[in-house]
Structures are given as structure tokens and as C-alpha cells.
Amino acid sequence: MNAPSDTIAQYNFAYLDEQTKRMIRRAILKAIAIPGYQVPFASREMPMPYGWGTGGVQVTASIIGPDDVLKVIDQGADDTTNAVSIRAFFQKVAHVAVTTHTADATIVQTRHRIPEEPLKEGQVLVYQVPIPEPLRFLEPRETETRKMHALEEYGLMHVKLYEDIAQHGHIATTFAYPVKVEGRYVMDPSPTPKFDNPKMHMSRALQLFGAGREKRIYAVPPHTRVESLDFEDHPFEVQRFDEPCALCGGMDVYLDEVILDDQGGRMFVCSDTDHCEERRDAGHRGHLAGEDGPPSSISEGGTQ
Amino acid sequence: MTDEPLLRVRSVSKFYGNRIGCEDISFDLWPGEVLAVVGESGSGKTTLLNCLSTRLMPTSGSVAYRMRDNAFHDLYRMSEAERRMLMRTDWGFVHQNPADGLRMTVSAGANVGERLMAVGDRHYGRIRAAATDWLGRVEIAEDRIDDQPRAFSGGMRQRLQIARNLVTGPRLVFMDEPTGGLDVSVQARLLDLLRGLVHELGLSAIVVTHDLAVARLLSHRMIVMKDGHVVESGLTDRVLDDPQAPYTQLLVSSILQV
Amino acid sequence: MYVAVKGGEAAIRNAHRLLADRRRGDRSVPALTLEQIAGQLSLAVDRVMAEGSLYDTGLAALAVKQARGDMIEAIFLLRAYRTTLPRFGYTRPVDTAAMRVERRVSATYKDLPGGQLLGPTFDYTHRLLDPELAEDQDPAVPEARAADDEAMPRVSDILAHEGLIEEDGSLPEDREPGDITREPPEFPMQRDLRLQALSRGDEGFLLALGYSTQRGFGRNHPFAGEIRIGAVEVEIDVPELDFPVTLGRIRVTECQMVNQFKGSMKVPPQFTRGYGLVFGQSERKAMAMALCDRALRAAELGEDITAPAQDEEFVISHCDNVQATGFVEHLKLPHYVDFQAELGLVRQMRREYEERRRAGDEATTSREAAE
């Protein structure tokens, strides 16, 4: 047996064969037609592990064309290892142009964040989803959860929120916060922080969700209502940070906490690296950015 | 008040292969009426209850329920969605073992509030007020509202299950041996409470029990079952004081002698 | 100015170079050839083919080498390759009764047509480490005898003549066998799809589940009716021809468990069967699969479902090791956005807790002062 790699060499544009792409596109179309409904699809093994974005990659591979411009983020950043790896995959198998600028991208594949900059018409946001079923941790059985969706039996979801308030005085879900889409299906927005939930509501972009291991695709078409579940007297609230980004001074953005030393020194910086850079390019400065050099001492710059 | 029954049961039979679960059962249940179904274990009374409450599909027969719009609907022809809706709004089901009817790992308040949330109530304060009110009505102290039923005694669990069922103001409640598994003193208190609530709310109820004392205390009318068949039915006092069928006579005398 | 750590392309590139170096190991030692792996670690290659669900010893050997001997990684490599292959068609069912048998044992009959044939088995070897194997010593040439043409009917066919054992399951008229690689799973699941999932399910997972049925968690009274290993022909129908075309031979292991069954309303008392079929030589996997298959038929046979091995959604949803390893290992990926959200929440709840405690303390103090 000699050099079996000869037989492996050729892959189709964007890796998936055209038949598979057609099957996935059909699932996507169905998902768009029934906003928030989880469409089962025959997910394929991908050359990256299940749970590492295979759903998002399959969706992107099925919709991407040679003229698309792709941006990939993980935790809001373009330079995290998994984002780098997925971007490199598409450069290799589809030879598409890539970018880190949200505004320049036609497709943004994401894990755990929605870019701060509002998306425009014509853009597609592809989410990587680990567990698509918002009811899964209340009811582990697929047979039962599908019935609950079909019959719109969502009381159990509110039981969980009720318990939070009874116990803590407020809702204690911070990410993967369940939403209701167009007044019908309860949907898991993937493990984005609830900070990002309002961005999904009436978005001008198409939002596609791919769960490879769980074999589900769902969608929120442009201009669709996406409401976070809550109570009238305990309305949904997003996280608020006490201070602006230490680098760009941005307010009302999601921040990462960066540990600076083992003395409790820390700083908060934009989780969306592209947003942060653009603001700095536009002349915005946070208290640790300095004018044109490093601050004298970083470790003094923790939270006040 | 209407002069039509709430439930019309016609020739309901359930076979398990060749074995009879229950056969050819017919009766009407009237608004505000409590019907007891008595018999030994294996007499088919629980099979009948499960057929009537659509938890089990009968082999043949029909059950028509008069909905709030006064129209009769055949339960076995309803869609699953309609049936499940009925079960969590207009009906209640009290299980013998409260753990089967409660969510053991969520608080008492949420247990009572779940049905309200299921039908769309989205006001935390109002849901909590309703739960507090119902806990009071079933004699559970208000400060237990955030405790899980795991921390409750058997009698408290059963009272919580009843509150959870009644919070949506159902018109018909099915009960399967509601006092089974409880101490005698706890049974008496629960029966008292149930009798009060049924009377106060004008509930219709079908109560399955092997205990003639429960039937005597709760029901207006009763059905005596043996081997899947009805052997006698009538007003509760009449059946218990003047049983006609030999089997009923045996049942009554054996209880009285104890 | 603070610069966040960049987990950039250079880091990934360097990590992969290091991996390649470690894979090669000591360069003064000759590298393993694929022939060596396929020839001398053949059961590892068999497992990779079975759970990778692609029958190709060369590619499987390559996967084992590339994965540094990590079986699940090798299985994953083969699966990821397999999924890109076009689907030309479906073969006919293989006929295991016509197998060129290398090993065949039955625990239910002392002797039977075709006889018992031990073949290349670890059974009855004393598990003593063999120092000779550390040297490059050739073992003795095995004894061989001419193949006799005695038929070797399957044990299930022997019992079937008396009607004491259920027949081979057959699909309803209107149902074609499904394909779990082409359709998303739906529960409840038909047995044809379940068997496909089990056949490429994780050996360790199925072994543990099969074992659990023997210890009372869904007991199904099994006898190893027959285990056979050997080569079967793979045939495909070609539309233009009126006879099937042979594509080649594959080695498979088949296990037929015979299980006691008291009968139900619909079915008279008889033996039922659990079935296992696996690529290559893997008795452990085939037997475990047969135990699980039988346990998963609980609903069909009217048995109570009380144990994990009988729970279709539980078993089928979790038996795929490529899925399992991906999701367990994805916990390595950054989660700091979500962790930040939880950190904020815990800090808030801590604050509220302290406030409540202080308020409680003050209330106590003021009451004491008043008394």
C-alpha cells in the first residue's frame, strides 16, 4: 500500500460536496421559513471536532461563494485560536477573501458573541451552536421537547425564571438566555451573553444557527421579532459594566476582564477586538491606552 | 346551571390483549357531582380512570366532555394539543403518589404557579400572590413557599398537589386514591379539606378508591366495579346502606366488621 | 500599552510542527510503515475501520499512525475522510452464512454442522507477558488443513427449523433500510438504524452497557448462540446487469445472541435474538453490540424499560465517540465571554448576600439594644 494520500487530495469548493450543500441549503430555507424552529439535518463529520463549530462551518460552507468576504470570531475576537483555525480552513478550501472588519464582511461566523457594530442588510451572521434545544436542561428527552415546541408548551421555561427570582430576587441566567422568535418558537440564542440578545431583535442581517453534533439548523430572518423571556414586573435586563473599555474608552460594549497580576489588578477591555481597534483608529482612548506609549504601570490600572 | 351533564361516558372498554381492563362502562357525570369508583385492586377502576382522563386510549367507546362553550367534544377525537390544553386548564389529576404529580426539585410556589405560567401569565407578583393564596387554602404555611416539596411531609405534598391542580379553576378533577399511603389521622384532615374545596368550588370529580370511607365522605354517587365490570351504581348513601349486588354486600359487610 | 495575548496562526503552526516531531519519536529508530501497522497492529486497524465506518486497511493504518496510536483520533480522521466520499449506491446485504469462516464458536451446542473452529483467538492464552516478543523472533508456522466444503449454517437457522427462535427481522414492505449518515436521527428509531449506529458505536461504551445488562440493569438472559469471523463477499446490483457484481471481500465479525423470552400477548414463548456485526475481527464489540441490540428491543417485545441499556435515546445519542470526544474536549475552547457573565452574576449575588447579612445583623443589634 503506497501513499494513500494520492486518493485524498481533491476536495470540492468549500469542502462539502454539492449534494450535501444542497441538503443543507434546503434545511436553511426551511429554517428561514419557520423562524426559530429547529430543522433536523444530516450533519456530516467535518475535519474539526464536533463541538468546535462543525454546525457553523457546515452552514457557512453551504452558503459561501467565491465573491464572499468572511469574518470569523470566537469570544468576539478575530485572533483566538479556534477563529484563526476556522478562517484558515475556509481560506484553504474556498480561497475566499477574509477580513476582520465587521462592516466589510458578507458572512460573519461567530462563537459566543454578536459584533458590537450593527449588522447591515445583506450580511449573514452564522452562529456555532453546541446545544440548540432551549428546553434541554429542563427536559432531556428529544421526543418530549419536540412535542413541547409543537404544542407551544413553554410554561416550564418560565418556571425556571420564576425560581431564579424567588431565590435571588432577579433572573440569574447570564448567557444562552432563551428568546421567543416572532411570537412563536422559544429559541436558544447559542451561548452568547444576554448582553447580545437585543441585537438579534429586528436585525437587518440574516441570522443562521448551525448545531453540527446535534444535527439542527435554525434561523432568524431579517426584521424578525426576537424577545427575551421575562416577567412584566421583572423585565429582561442586560449586563452593565461600571467602567468603559480601558483601551478605547467605549461604553455600552461587552468587556473582557483581563487579570494583570496576582494582586487583584485587572482591567476591562472590549471583547469585540475589531470594534475596539476601529474606535482607537478614530482617536478614542481609554485610560490604559496611553497617547503614544505604554502607561507607566499597568498593574495600578485595575478596577477602582 | 345547565341541565346537561359535564361528561358523557358511553360503552368504554379497554382490553389488554385478551384480558379485560374494563368493559362496557357508561354513565353521566353532572356539574358539581363527585363520583366514587370503588373496587378491589385489579377491578379495573384505575384503568377506567386513565381512559376517562385520556391518559390511556380505550379499545372502544366514547367519552364526550362539555367544554366551556357548552358544546360536547369527543375526547378521543381531539388533537393532542387540545387534550393537553384541557388537562392543564379545565382539568386536574391528583395522583396517589404526590411525586408523580409534582416537580420535586422546584419550589412549592413554582409548583402552584406552573399552570398559570403555562397559560400565559407573565406577572411574577401576581403568580406569587396566587400561589400564596392557594398554599393558604390547602393549609400550607406561607413561609414554605420557596421550599421544595422534597422537604414536605406526605400530607403536605398531597395538599400541594391539590393546590397545583386547582389554581387554574378546573371544572373536573380526577383523583387516584388521593388518601392512599397516608396515616389515618392525616387522611382525615385531607378528606376534610378536599370535601370543603369541592363544595366551595362546585367541582366535579371522579375519585378512584378502595376505601369505602373515602367514598362515603366525598362522593354523591358511586360505582362498584369487579373484574372490569360495574356490578352496582347509585347514590352513595343508598349503595352503602342498602347494597343490592351480592358483591357490594360482601364489600360493605367486610368493611363494617373490621 | 496593554496587548492581549494573540493565539495566532504562528502559534498553531508551531504547535503542529511539534506534534509532528513527537509523532515521529526518536529519529534513530526506523519509522513505522503502514504495512507494519496494518499487518502487526491489525486489531487496532480493525477497530478504526469499524468505528470509522470505512473499510480500508491502508487508510486506517495511516490514521493510526497519524493519530500516534490514539484510537478515537484515528477513528475521527477516517470518518472525516469518509464523509467527503460520493455515494454510488448501496450493496446487497452480506450473506454471513456463506462466510469463509476463520473462527466460529457456539456456546449453545457442543457440536453442530460445520463444527467449532477456534481460529486466531486470545481465548485460552495465558496472559503472561512474553519476553520473546521483545525480540524479533519469527513464530512457528501455523498448522493448516485443506478446506472441506462442509456447509456452516448459522445457529439461528438451525434453531429456526423448530420454530423456537424468532426469525430474522424483516422490514415492513414499504420501508427501505435507512442510512444514519444521510438522515438525521429521529426517535423512536427503527432497528435497522439502531444497528447501524451500534455497529460504529464506541466499543468501550457498548461494552459497559452490555456488561450492565448482565449485572441486572435490563437483564436479557443471553447465550452466545454463535460468533463467527471471516470473509464475506460484497455485492452490488448494477442497473444494466441482471446479476449482482462482486466488489470484493471484507472481514467481519458476527455475533448472534440467543435470549430467553417468556412470550407476550402477541408472541408465543420463544428465543429472541440480539445481533452484532462489526467490520474486522472484534468479538468483544460484536458481543457487546448484540447485548445492546437485544436490550434496546425492550419496547418492541413489551418489556419494561428500566435500565440505561434499554433506553434508546440514551444509548444511541451517546454511543458515537467522535461526537462524544468533540463535545467533551470542546470545553478546552475559550469560554471567557460566558465566564465573564457568570463572574458578574456571582459578584452581584455575593453583594446582595452580604447586604442581607448586614441588614440581619443590624436588626439583631437594634433588637438587643431595645431589650
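Would the stretch C:25-42 turn up any residue that is within 20 Å of the chain's Cα centre (by Cα), within 12 Å of chain A (Cβ to nearest Cβ), at pLDDT 95 or above and closer than 30 Å to C:MET257 by Cβ? For the stretch C:25-42, residues within 20 Å of the chain's Cα centre (by Cα), within 12 Å of chain A (Cβ to nearest Cβ), at pLDDT 95 or above and closer than 30 Å to C:MET257 by Cβ: absent.
Here B:VAL230, B:VAL214 are screened, and the one residue that is within 10 Å of B:VAL37 (Cα to Cα) and in contact (Cβ under 8 Å) with a residue 24 or more places away in the chain is B:VAL230. What about C:GLY119, is it on the phi > 0 side of the Ramachandran plot and in contact (Cβ under 8 Å) with a residue 40 or more places away in the chain? So C:GLY119 passes the test.
Considered as a group, the residues in the stretch C:292-304 that are assigned to a loop (DSSP other than H, G, I, E, B) and either in contact (Cβ under 8 Å) with a residue 24 or more places away in the chain or under 16 Å from C:LEU193 (Cβ atoms) (or both) include one that is farthest from the other protein chains (Cβ to nearest Cβ), and that residue is C:ARG297.
The condition of being of a type in the set (Lys, Arg), within 8 Å of chain A (Cβ to nearest Cβ), within 21 Å of the chain's Cα centre (by Cα) and surrounded by 20 or more Cβ atoms within 10 Å (Cβ to Cβ) holds for only one of B:ARG159, B:ARG115, that being B:ARG115.
Listed by first and then second residue, the pairs with beta-carbon distance under 6 Å, at least 6 apart or on different chains, first residue in the stretch C:174-190 and facing chain A (nearest Cβ under 9 Å) and on the phi < 0 side of the Ramachandran plot, second assigned to a loop (DSSP other than H, G, I, E, B) and small (Gly, Ala, Ser), are C:ARG182/A:ALA42; C:GLU183/A:ALA42; C:PRO184/A:ALA42.
Yes/no matrix, rows are residues, columns are (1) over 22 Å from A:MET157 (Cβ atoms); (2) β-branched (Val, Ile, Thr); (3) away from chain A (no Cβ under 14 Å); (4) surrounded by fewer than 16 Cβ atoms within 10 Å (Cβ to Cβ):
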residue	(1), (2), (3), (4)
B:VAL34	yes, yes, yes, no
B:THR47	yes, yes, yes, no
B:GLY61	yes, no, yes, no
B:THR89	no, yes, no, no
B:ILE127	no, yes, no, no
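Residues that are more than 13 Å from A:ILE217 (Cβ to Cβ), away from chain C (no Cβ under 12 Å) and surrounded by fewer than 22 Cβ atoms within 10 Å (Cβ to Cβ): does the stretch A:23-39 have at least one? Among the residues of the stretch A:23-39, not one is more than 13 Å from A:ILE217 (Cβ to Cβ), away from chain C (no Cβ under 12 Å) and surrounded by fewer than 22 Cβ atoms within 10 Å (Cβ to Cβ), which makes the answer no. Considering only the stretch C:309-367, state which residues are touching a Gly at 6+ places or on another chain (Cβ under 6 Å) and of a type outside the set (A, V, I, L, M). Residues satisfying the conditions are C:GLN310, C:CYS319, C:GLY326, C:PHE327, C:HIS330. Output yes when any residue across the stretch C:324-340 is in a helix (DSSP H, G or I), farther than 30 Å from C:GLY210 by Cα, facing another protein chain (nearest Cβ under 9 Å) and of a type in the set (Val, Ile, Thr), and no when none is. Looking for residues that are in a helix (DSSP H, G or I), farther than 30 Å from C:GLY210 by Cα, facing another protein chain (nearest Cβ under 9 Å) and of a type in the set (Val, Ile, Thr), one finds at least one in the stretch C:324-340, hence yes.
Scanning the stretch C:182-233 for residues that are acidic (Asp, Glu) and outside any strand (DSSP E or B) yields C:GLU183, C:GLU186, C:ASP192, C:ASP202, C:GLU203. Kindly list, by first and then second residue, each pair from a residue in the stretch C:49-78 that is within 13 Å of chain A (Cβ to nearest Cβ) and at positive phi to a residue that is β-branched (Val, Ile, Thr) and surrounded by fewer than 24 Cβ atoms within 10 Å (Cβ to Cβ), limited to pairs with Cβ atoms under 9 Å and residues at least 6 apart or on different chains. Sorted first by the residue in the stretch C:49-78, then by its partner, the pairs are C:SER53/C:THR181.
Screening A:ALA42 against (1) within 12 Å of chain C (Cβ to nearest Cβ); (2) closer than 25 Å to C:LEU331 by Cβ leaves a single unmet condition, (2).
Residue by residue, here is whether (1) more than 23 Å from the chain's Cα centre (by Cα); (2) in a helix (DSSP H, G or I); (3) within 13 Å of chain B (Cβ to nearest Cβ); (4) crowded, with 21+ Cβ neighbours inside 10 Å holds:
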position: A:ARG146; (1), (2), (3), (4): yes, yes, yes, no
position: A:LEU156; (1), (2), (3), (4): yes, yes, yes, no
position: A:LYS160; (1), (2), (3), (4): yes, yes, yes, no
position: A:ALA166; (1), (2), (3), (4): yes, yes, yes, no
position: A:THR173; (1), (2), (3), (4): no, no, no, no
position: A:ASP196; (1), (2), (3), (4): no, yes, no, yes
position: A:SER203; (1), (2), (3), (4): no, no, no, yes
position: A:GLN207; (1), (2), (3), (4): no, no, no, yes
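Conditions (1) free of Cβ contacts under 8 Å to residues at least 12 places away in the same chain; (2) farther than 30 Å from A:TYR154 by Cβ; (3) of a type outside the set (Asp, Glu); (4) part of a loop (DSSP other than H, G, I, E, B), marked per residue:
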{"residue": "A:GLN19", "(1), (2), (3), (4)": "yes, yes, yes, no"}
{"residue": "A:ILE32", "(1), (2), (3), (4)": "no, no, yes, no"}
{"residue": "A:VAL57", "(1), (2), (3), (4)": "no, yes, yes, no"}
{"residue": "A:LEU70", "(1), (2), (3), (4)": "no, yes, yes, no"}
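Is the stretch C:306-315 home to any residue that is at pLDDT 95 or above, within 22 Å of C:MET71 (Cβ to Cβ), within 14 Å of chain A (Cβ to nearest Cβ) and not in a strand (DSSP E or B)? Yes. Does the stretch C:74-92 contain any residue that is modelled with pLDDT under 95, surrounded by fewer than 13 Cβ atoms within 10 Å (Cβ to Cβ) and hydroxyl-bearing (Ser, Thr, Tyr)? Checked against the condition, which is being modelled with pLDDT under 95, surrounded by fewer than 13 Cβ atoms within 10 Å (Cβ to Cβ) and hydroxyl-bearing (Ser, Thr, Tyr), the stretch C:74-92 yields at least one hit. With respect to (1) at pLDDT below 95; (2) over 21 Å from B:SER107 (Cα atoms), the lone exception for B:ALA151 is condition (2).
Condition test on C:ARG200, is it touching a residue at least 24 places away in the same chain (Cβ under 8 Å), in the same structural domain as C:ILE305 (by TED's automatic domain parsing), of a type in the set (Lys, Arg) and under 18 Å from C:GLN256 (Cβ atoms)? Against the criterion (touching a residue at least 24 places away in the same chain (Cβ under 8 Å), in the same structural domain as C:ILE305 (by TED's automatic domain parsing), of a type in the set (Lys, Arg) and under 18 Å from C:GLN256 (Cβ atoms)), C:ARG200 does not qualify.
Residues in the stretch B:190-245 that are of a type in the set (Val, Ile, Thr), surrounded by fewer than 19 Cβ atoms within 10 Å (Cβ to Cβ) and within 19 Å of the chain's Cα centre (by Cα): 0 in all.
Looking across the stretch C:325-356, the residues that are free of Cβ contacts under 8 Å to residues at least 60 places away in the same chain and of a type in the set (S, T, N, Q) come down to C:GLN340, C:GLN348.
Scanning the stretch A:84-96 for any residue that is within 12 Å of another protein chain (Cβ to nearest Cβ), surrounded by fewer than 24 Cβ atoms within 10 Å (Cβ to Cβ) and over 23 Å from A:ASP17 (Cβ atoms) turns up at least one such residue. Run A:GLY183 past the list (1) of a type in the set (Gly, Ala, Ser); (2) surrounded by fewer than 21 Cβ atoms within 10 Å (Cβ to Cβ); (3) not in a loop (DSSP other than H, G, I, E, B) and report the number of the one that doesn't hold. In the conditions (1) of a type in the set (Gly, Ala, Ser); (2) surrounded by fewer than 21 Cβ atoms within 10 Å (Cβ to Cβ); (3) not in a loop (DSSP other than H, G, I, E, B), A:GLY183 misses (3) alone.
The test for being more than 10 Å from every other protein chain (Cβ to nearest Cβ), free of Cβ contacts under 8 Å to residues at least 40 places away in the same chain, under 21 Å from A:HIS223 (Cα atoms) and surrounded by 15 or more Cβ atoms within 10 Å (Cβ to Cβ) holds for A:THR106.
Residues considered: A:VAL226, A:VAL238. Of these, the only one that is more than 9 Å from every other protein chain (Cβ to nearest Cβ), under 25 Å from A:LEU161 (Cα atoms) and modelled with pLDDT of 95 or more is A:VAL226. Filtering the stretch C:253-265 for residues that are more than 30 Å from A:ASP74 (Cα to Cα), assigned to a helix (DSSP H, G or I) and in contact with a strand residue (DSSP E or B) (Cβ under 7 Å, 6 or more places away or on another chain) leaves an empty set.
The values are calculated or read from the model by the stated rules, or taken from the named source; none is laboratory data. Since the model is a prediction, treat every value here as computed from it, not as a measurement. Because the Cβ atoms are built from the backbone with ideal geometry, glycine has one as well, and the counts that use them run over all protein chains shown.
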